[in-house]
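Structure first, commentary second.
The values are calculated or read from the model by the stated rules, or taken from the named source; none is laboratory data. If you're wondering where the values come from, they're calculated on a predicted model, not measured in any experiment. Methodologically, a virtual Cβ is constructed for each residue, glycine included, from the backbone with ideal geometry; neighbour enumeration extends over all protein chains shown.
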Amino acid sequence: MTIFRILLLSSPALVILQACQKDNNEPPTNPARNCGTRLRMISSHDKGNYTTYFCSFNYDGNGRVENFVDSILHPDDNGGYIGVSSDIRRVDYDQDSRITQITERAGPSDSIYQLWFYNAENLIIKNIFISKLEKDTLTDIYSYDDQKRLVIDSFFENKNKSLVRYTTFRYDTNDNVVEWIRYTNASGTFQVDFKAEATYDDHPNPFHFIALYSIPYFGDNSGLSRNNFANLTYSNGTVTQYQYEYKYCGNGWPQSAVVTLEPGQTIVRNIAYDYY
């Protein structure tokens, strides 16, 4: 049996999970898989390297995400497991409950601010990342189609003004992103840097209901679509294809998933969803 001690600190190193050695050398899994409609935590266990990734959400009294944090649990050199987390990211809102800022205290000497800007239709048109330590500003500018779906994400760096990256998005009739292509002029001319294609099931996607994911977030743009991935194919010189197989709660929301890599059916990760 493995016993964990979770330390929540006020300093930048927020969470440390300490574990004694487990006889079968398996990492702990998230035991809570409550069903609901507000995502509390998603845990993703990578069997290949015995590592589990967590993303946790806390909400305020109005049901809005108040803060969120990512953490990792991985093996140590003594046969046990140790976990660390990124800093808690705090979310601020305006009087209309629109996100205005996300703040992360990144270590003792840096703070990262993410500022959100809207147009008259309440669509996010600009997202600015500011790092005090790096003294740099990164800007995303968003464009939409007539159905208010994101179709272009243009990315600019303040320090390297000549570098431009932009991503285009294409949707199906269910408002799911079935293709996104990233272009860059890093080589001197604009070329395709990355391409992804996806198909979906017909169940509600828990990320889609979190305002944080209404703009491109992380690598898979998981919050832009109404439904959950069934297949996801990446291409950037090589082709990698993922297949998703879900178990669902009684309300139709995903409870767990197994992601496999094609070809070869090598298990990539097990995912567990936990709700409020």
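Go through the residues of the range 211-227 one by one and say whether even a single one is without any contact (Cβ under 8 Å) to a residue 60 or more places away in the chain and either among the aliphatic types (A, V, I, L, M) or part of a strand (DSSP E or B) (or both). Steps first, please.
If we filter the range 211-227 for residues that are without any contact (Cβ under 8 Å) to a residue 60 or more places away in the chain, which is where we start, we get 213, 217-223, 225-227.
The next check asks that each one be either among the aliphatic types (A, V, I, L, M) or part of a strand (DSSP E or B) (or both); those that pass are 227.
Yes; the residues of the range 211-227 include at least one that is without any contact (Cβ under 8 Å) to a residue 60 or more places away in the chain and either among the aliphatic types (A, V, I, L, M) or part of a strand (DSSP E or B) (or both).
Could you check Ile82 against (1) modelled with pLDDT under 95; (2) outside any loop (DSSP other than H, G, I, E, B); (3) within 30 Å of Ala186 (Cα to Cα); (4) of a type outside the set (Asp, Glu) and say which number it fails?
Result: Ile82 fails condition (3) only.
Output the residues belonging to the range 128-150 that are surrounded by fewer than 14 Cβ atoms within 10 Å (Cβ to Cβ) and either outside any strand (DSSP E or B) or in contact with a Pro (Cβ under 6 Å, 6 or more places away or on another chain) (or both).
Result: Lys132, Leu133, Lys135, Asp145, Asp146, Gln147, Lys148.
Scanning for something farther than 28 Å from Ile99 by Cβ, modelled with pLDDT of 50 or more, exposed (fewer than 15 other Cβ atoms within 10 Å of the Cβ) and of a type in the set (Phe, Trp, Tyr), does the range 41-54 turn up at least one residue?
Taking every residue of the range 41-54 in turn, at least one turns out to be farther than 28 Å from Ile99 by Cβ, modelled with pLDDT of 50 or more, exposed (fewer than 15 other Cβ atoms within 10 Å of the Cβ) and of a type in the set (Phe, Trp, Tyr).
Using the structure shown, decide if Asp153 is within 28 Å of Tyr200 (Cα to Cα), of a type in the set (Asp, Glu), assigned to a loop (DSSP other than H, G, I, E, B) and modelled with pLDDT of 95 or more.
When the stated conditions are applied, Asp153 does not pass them.
Yes or no, residue by residue, for (1) modelled with pLDDT under 90; (2) basic (Lys, Arg); (3) surrounded by 12 or more Cβ atoms within 10 Å (Cβ to Cβ):
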position	(1), (2), (3)
Leu7	yes, no, no
Pro12	yes, no, yes
Glu26	yes, no, yes
Arg33	yes, yes, yes
Asn62	no, no, no
Val91	no, no, yes
Gln101	no, no, yes
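Of all residues being outside any strand (DSSP E or B) and within 21 Å of Ser154 (Cβ to Cβ) in the range 99-127, which is farthest from the chain's Cα centre (by Cα)? Just the residue, please.
For the range 99-127, the residue satisfying everything is Ala120.
May I ask you to list the residues in the range 138-170 that are within 20 Å of the chain's Cα centre (by Cα) and of a type in the set (Ser, Thr, Tyr)?
Answer for the range 138-170, where residues must be within 20 Å of the chain's Cα centre (by Cα) and of a type in the set (Ser, Thr, Tyr): Thr139, Tyr142, Ser154, Tyr166, Thr167, Thr168.
Which members of the range 213-245 meet the condition of being over 17 Å from Val178 (Cβ atoms), of a type in the set (A, V, I, L, M, F, W, C) and surrounded by 18 or more Cβ atoms within 10 Å (Cβ to Cβ)?
Ile215
Restrict the check to the range 196-210 and report whether at least one residue is under 29 Å from Glu157 (Cβ atoms) and either modelled with pLDDT under 90 or of a type in the set (Ser, Thr, Tyr) (or both).
No, every residue in the range 196-210 fails to be under 29 Å from Glu157 (Cβ atoms) and either modelled with pLDDT under 90 or of a type in the set (Ser, Thr, Tyr) (or both).
Pick from the range 156-205 the residues that are among the basic types (Lys, Arg) and assigned to a strand (DSSP E or B): which of them is surrounded by the fewest Cβ atoms within 10 Å (Cβ to Cβ)?
Arg170
Residues checked against (1) more than 15 Å from the chain's Cα centre (by Cα); (2) more than 30 Å from Trp116 (Cβ to Cβ):
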site: Tyr217; (1), (2): no, no
site: Arg226; (1), (2): yes, no
site: Tyr234; (1), (2): yes, no
site: Thr240; (1), (2): yes, yes
